[in-house]
1. So what are the radius of gyration and Dmax for the Cα set of region 142-253, in Å?
2. Viscosity 1.567 mPa s, temperature 4 °C: what is the translational diffusion coefficient of region 76-138 from Stokes-Einstein with a Kirkwood Rh over Cα pairs, rounded to a whole number of µm²/s?
3. Highest first, please rank the peptides 136-143, 171-178 by the mean number of other Cβ atoms sitting within 10 Å of their residues.
4. Hey, how many Å between the Cα centroid of region 117-138 and the Cα centroid of region 183-247?
5. How far, in degrees from 0 to 90, does helix 2-28 lean away from the longest principal axis of the Cα atoms of the chain, to the nearest 10?
6. What distance in nm separates the simple spin-label points at I38 and S310, each placed 7 Å from Cα in the Cβ direction?
7. Which of the peptides 297-304, 73-80, 157-164 is most tightly packed, and how do the rest follow, going by the mean number of other Cβ atoms within 10 Å of each residue?
8. In terms of modelled amide H atoms, which long-range or inter-chain residues lie less than 5 Å from the amide H of I97?
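Coordinate-derived values only; no laboratory data. This is a predicted model, so every value here is computed, not measured. Backbone-built Cβ (ideal geometry, glycine too); neighbour counts: all protein chains shown.
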Amino acid sequence: MRIVRKILLVLLVLVVLFFLLLIGGALTYKPSFEVRSIGVVDYDGYPCLKISFRTGDYPIEFKLLTKEGESIYFTFATKPEEVVYLYLTPGKPFTNIVGSKSYVIKAFYGDKEVYSGSFDVKGAKADLKIKDASFKAYYSSLSLEGLTIEVRNEGDVPLYLNWMNIGLYLDNLQKSFSLSPSTLTLEPGNISTLGLEPVFSSVDLEYLNEEHRVDVVIPDIARASYIIEPLKPGLRIEKVSLSPFLNEWSVDSITLTISNGGKYPININWLKIYLNDKPIPGLLSISPIEIIKPGEEKTVTLGLSFVTTSRPFTLKVRLGATEASYSG
């Protein structure tokens, strides 16, 4: 019996030692782990750190922290995953990373840290250009109808462009607009164009003799400007038709030649006519066309009614910052 008891005691000690070894191994076990690459990419509309890795066991928990240790995001990788995405702006899609940032990345197997490293970004940077602008000449204003912008991502993070992170200004007043495409994501090094269609962005006729400025802004990242030049067309009075009227003369019509050397159309209704320095209200007829496109030269005849004067007289025609005069 004593021999049997000794054998049982030895077996019990062996079993206890075996379990202690198992527990000790479990407490100290770390799988092999390797980070193969880290980069910043767009993932479902979010700027993310894309981490490629290899591990000898799963699951692996990844944590993204600030340099000060604040938690930004965490996720778990399970078998057979070898890539994870750590969101730099969780809950805030299409958000640009402005300015340089430093991130800390940690990986854990259970409560054991298997990796710790840092990753720095310089932030968003863009080359922004206004390539073209389109206008429409209305009766009493010049309307900005559209802008074509070109954007190159010169940063090391994705660049997001939509109505929330682009601003449009006319003479420093913010304007509403629609964007086509409505959302654009540019990876570093890529270039693309967008169309902006302003809503109710116009310059009143009274201020067309001045310079006006259009700004497109990606806040804290880039700005591009377009100058609407003052209206300064070529303007000549070719002929003034007169006919006797009682003891005076009736001014029946004026024939003008207008050369549009600018970048936007001219509406003939923008003309202002003065007789002896007094404005003549209203034009009866305009022939042959009301709009003069950029680069065009047109000769038009303005029919007047109930405009009388004695001789000598001075007639002036003003269009924007240009004036022509006739003495008769």
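1. 22.4, 81
2. Value of D from the Cα-based Kirkwood radius: 80 µm²/s.
3. 136-143, 171-178
4. After rounding, the separation between the Cα centres reads 20 Å.
5. It is inclined by approximately 20 degrees.
6. Each label point lies 7 Å from its Cα, and together they span 9.3 nm.
7. 157-164, 297-304, 73-80
8. Correct list: A124.
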